[in-house]
Each structure stands twice: as structure tokens, then as C-alpha cells.
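Structure first, then comments.
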């Protein structure tokens, strides 16, 4: 299985050491890793897209440090697996502030790396069970159904409106319905497939999903309201 890894590290030698550890661990365990190197927090935050399975963040970055970078990352992507890499163990314990999974201590030995990455990969395997992959051209975005507000179709193009932005692919709503949890996503008209988790209000012929208002058709309204009531009732 292939995984996307971001390494945020000032020093090339440190990055190459981590890359070699990933290659060795992958060969031993039947995985491959595509690694992207970022030399600083500013570059990482500007270029970040929610395509990575794991981020390894050096705390001692020049400029904006790794902790500050991680806190900004969490505003854009609350769920990506994050590991700090540091020679300042006392600083690393603050990782809970950025919801860090674990940390690696420099110099990173292979034995220590293998132990931590095995735990991280187990966590990723659990996460991937509910993961949805959205292919937009050459880019692959990873998300979960809970982060999708609604799906819209226009002229054979499907727009996923998510907490991470809007992603557009070629297709139709019937194809999308087969990829999403049954009972959680319901059509409110022929153009929209709505995540009931994010419905805030139904008012006349409109419904509020997150911060947006969508049109609900008369033929779909009764069934949609019933599905919403069933969903809410099932939460208690």
C-alpha cells in the first residue's frame, strides 16, 4: 500500500535519514512511501494540501518553529497524522496542543523510528477504513464522509463541498451515493446530496447546511425530513 508523507525539516541530512528509514521500513513491511520535503514552516503552510497521510515536523525550524507551524496546520487539517521530530524532548511534550500522535528524538535511530512508525501505521489503517479518496486531475485528496457538507452535480461534474474546500471530479450523484454511508447522505433535489450531520435548519423550500442554504424540491421534501428525523432519533 502507498502512503503520502510530508517531512518539514531544515536540514537535508536529517531529511535524508528519515527518508532512508521510511524506505527500509517499507521494504520490510510491504509498503511504499512518496515523500515530499519542505524546508520550512512558511513554505509548508503555503503549499499544504490535504493529500498527506502523515506529517513529520521538526520542532526546531528556522523562522516559524514547528510547534507554531503545527498549530496553523490544525486549522487547515485537523485529522492528518502528525509526529514531531526534535532534540528538545521537553518541548515535544507540548505536542498535545497540536494533537500530535507521537514524537521522534534526534538523532533518529532506526530502532526508535520503526517502533513509532509501526504504531502510526496501525492508526492510519484504522483511519483509512472510513476514508474517501477524491481524484481531481493529477491530485488525490483524502477526506472522510463527516468532513463533507454536501455533494453537488452540474453538467456531469461532481463538486464535493468539504471542510477542506471544494473538489471537482467528473461523474454523477448515483456514482457518489455508492461511495458514501447509506442513510447519512440524502438527496434534497436532483442536484444535491446532503450530509444530514451538517443540516442546521429547514425553512420552507430551503435548508441550511453548514453556512450555506440549498434548495429542497417539493417531491423530495417529505422523504428528506423523514430521513433527517430518523438520523436525529438514531443519535440518542
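Could you sort the peptides 111-124, 190-203 by per-residue average Cβ neighbour count (10 Å cutoff), highest mean leading? Could the numbers behind the result be given before it?
On the way: 111-124: 15.2, 190-203: 17.0.
Highest to lowest by the protection proxy: 190-203, 111-124.
What would the Debye equation give as log₁₀ I(q)/I(0) for the chain at q = 0.08, 0.10 Å⁻¹, counting only Cα atoms as equal point scatterers? One equal scatterer on each Cα of the chain leads to -0.38, -0.57.
Placing pseudo-labels 7 Å out from each Cα toward the beta carbon at residue 49 and residue 29 gives an inter-label distance of 2.6 nm.
Note on the chain: antiparallel DSSP beta bridges, both residues inside, total approximately 60 percent of the bridges counted. Remark: 213, 37 ranked as 213, 37, counting other beta-carbon atoms within 10 Å and listing the fewest first. Mean-square fluctuations from a GNM of the chain, with a 10 angstrom spring cutoff on Cα atoms, peak among 166, 158, 51 at 166.
For the range 161-202, what does the alpha-carbon gyration tensor say about shape, rounded, prolate or oblate, given a ≥ b ≥ c as the root eigenvalues, a/c under 1.5 as rounded, and a/b over b/c as prolate? Display every interim value, and only then the final one.
Values: a/c = 1.59, a/b = 1.20, b/c = 1.32.
Oblate shape, in that a/c is at least 1.5 and b/c is the bigger or equal ratio.
Residues 86, 136, arranged from fewest to most other Cβ atoms within 10 angstrom of their Cβ, appear as 136, 86.
Which ordering of 230, 53 is given by a fewest-first count of other beta-carbon atoms within 10 Å?
Values: 230 12, 53 21.
In order of increasing Cβ crowding within 10 Å: 230, 53.
The overall shape of the range 2-128, judged from the alpha-carbon gyration tensor, is rounded, with an a/c ratio under 1.5.
All of the numbers you see were taken from the coordinates with simple rules; none came from a lab. As the structure is a computational prediction, the values presented were derived from the model and not from experiment. In this analysis, Cβ positions are derived from the backbone assuming ideal geometry, glycine residues included, and neighbour counts consider all displayed protein chains.
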